[in-house]
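Below you'll find the structure, written out as structure tokens, and then a few comments.
The values are calculated or read from the model by the stated rules, or taken from the named source; none is laboratory data. This one's a predicted model, so the numbers in the text were calculated from it and none came from an experiment. With ideal geometry, Cβ positions are generated from the backbone for all residues, glycine too; neighbour counts draw on all protein chains shown. Accessible surface areas use protein heavy atoms only, side chains included; no ligands, DNA or RNA. Shrake-Rupley method; radii C 1.70, N 1.55, O 1.52, S 1.80 Å.
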Amino acid sequence: MVASGWLAETARHDAQVINQAGSLRMQTWRLKAQAPTADTQQWQALLNAMDHTWQQLDEAVALEYNARVARQLTALHLEWVSALRPDMRTPEQAANVNAARITAHVNGLDALTGNLQNLAEARIARLRALQGILLLLTLPLIGWGAYQLHFHVRRPLRRLLSVIEALRAGELQARTGYWRNDEIGLLAATIDDMAGQLDVFCRHLNDQVEERGHRLQQSHLALSLLYDNARYLATTPPEAINLQQALSPFEALMAPAELALISPDTALDDPPHTHLFPLLEETEDPLMLMARLPGGAPLPDWKCRICETLADQLGAALALRAQGRQKRRLALMDERAVIARELHDSLAQSLSYLNIQAMRLTRALPKEVDSTASVILGELRDGIDHAYRQLRELLVTFRLRLTEDGIKAAVNATVAEFTERGHLEIDTHLTIADNRLSPDQELHLVQILREALANVVQHAAAQRVSISLLEHDGHITLAVEDDGVGLPEQVNRSHHYGTIIMAERARSLGTTLELTRRETGGTRVALEFTVEGAGHDAVRAGPGHSDRG
């Protein structure tokens, strides 16, 4: 087969050389034919192509052919280089070359081509003879191979197939008993090993079935808990939702992992391998569901998926809570605006009318009238002025609208207003979350803050004011301090309507208002009260803490 391949490659090379010799004949006649019409550039391209073909033919003949063909080719090439090409350097010179010289050169190329063709045909004949001999030598090999195939392939394969059928029928004790050191022997040994391992595989398969059954039970339990949690969040009023109560049923399923609701600031201090799942809630104080295993081990994927779903449910519940709070805030503002319009249209006009009538009565009384009537008339006008001032305070109170962004935005807006109005330098310190207070509580706090700042602007002659609204463990503290003249030693509070209203609002929050003189000068207005059942209930939930009944 190697000899046949070599001869076939040689035949292919012969065809290439013959083609190149024929190309030289064609290019020689082309030079003669295009000499009268070709320009210098085209002529030079033809000569270069002719030289390139001669070079390729020289290299091919030198590699593959005998000395006789090489000498013949060398003579023809020498004739071209030394005789014809110098006389055909330009088209004009080529047109004057005798045609007999070109014909003789072409005849030489024809003779070379004929010799090359004869050599090719001789090689093909040798190839055929070699192939015939190889075919005759192959027949005994085929017979010997058929014998070996029958005794060492077909018969062992039949035995292997019978063992395989027995194994398929469940006869795990079947064996081939074939131990030759060949491929079929290896296959037989493999089948025997496979039969021995089938029993082990069956036991392992049973173990996997039990494990899959356990996973299905976990999945069923997880779906049941998620469904119960979704029903709890959907059927419970948003304000009554307890996030700790929503987390507690998942403690046994997630054990020994610890679950907790934490703020993003706390999440920055958590160790590695702590999984955090943000709650999809639009608020300035977002929460994250934290899950981690003791020792910082990674959390399994199925537990991560449960945490993601649980975080989505809690986030949706908190979003509904925030929407409800916003609706109540807007409803409260609208209701107070309606009350303010009613007061202005009815009671304010009546008091204005009474004030005008009192002024007319004063002018109508003679100067010699009894002093008792003058005193009564003065008291009447003072009472009307007092009622009118109280009504004006009520109108300002009812017309106040809280910002939709929460308590902190409302406090900042109030600070900006009084900074511009009183030319004060006001420092604020706010640590309260926007969702910690009800709309009524937010309104009372903002009104107390406004009244305190109004007193600073009107009476304190202060330059700096400090405001702090803090939250700690459910306690809310509001403090307003200024560096003004401070409270007088004896304060008659019966006519301090702003102070009275602040005290009444403090009592509405379940606390008392504190008005004190600062040791460094100025006044301190403070109150503290407790809130329950508001906010996120952001407490850590670990194993062993359950609140849901």
So in the stretch 107-131, with the set limited to residues that are open to solvent by less than 30 Å² (accessible area, probe 1.4 Å) and without any contact (Cβ under 8 Å) to a residue 40 or more places away in the chain, which one is nearest to the chain's Cα centre (by Cα)?
114
Output for the stretch 423-438, where each listed residue is crowded, with 18+ Cβ neighbours inside 10 Å and either within 29 Å of residue 319 (Cβ to Cβ) or not hydrophobic (A, V, I, L, M, F, W, C) (or both):
432, 433, 434, 435, 436, 437
Going through the stretch 504-527 in order, the residues found to be surrounded by fewer than 17 Cβ atoms within 10 Å (Cβ to Cβ) and under 12 Å from residue 452 (Cα atoms) are 514
Restricted to the stretch 250-291, and to residues that are in a helix (DSSP H, G or I) and open to solvent by less than 40 Å² (accessible area, probe 1.4 Å), which residue is modelled with the lowest pLDDT?
267
How many of the residues in the stretch 185-212 are farther than 22 Å from residue 158 by Cα, open to solvent by less than 80 Å² (accessible area, probe 1.4 Å) and of a type outside the set (A, V, I, L, M)?
3
If I go through the stretch 15-51 residue by residue, how many of them are within 20 Å of residue 99 (Cβ to Cβ), in a helix (DSSP H, G or I) and open to solvent by 80 Å² or more (accessible area, probe 1.4 Å)?
3
Candidates 170, 143, filtered to the one that is at positive phi, free of Cβ contacts under 8 Å to residues at least 40 places away in the same chain and among the small types (Gly, Ala, Ser):
170
State which residue is modelled with the highest pLDDT when the search covers only the stretch 237-249 and only residues that are polar (S, T, N, Q) and in a helix (DSSP H, G or I).
248
Open to solvent by 70 Å² or more (accessible area, probe 1.4 Å), at pLDDT 75 or above and either within 21 Å of residue 113 (Cα to Cα) or not hydroxyl-bearing (Ser, Thr, Tyr) (or both): does that describe residue 71?
yes
Unmet requirement for residue 220, which otherwise passes all of (1) under 30 Å from the mean Cα position of the chain (by Cα); (2) under 27 Å from residue 318 (Cα atoms); (3) touching a residue at least 40 places away in the same chain (Cβ under 8 Å):
(3)
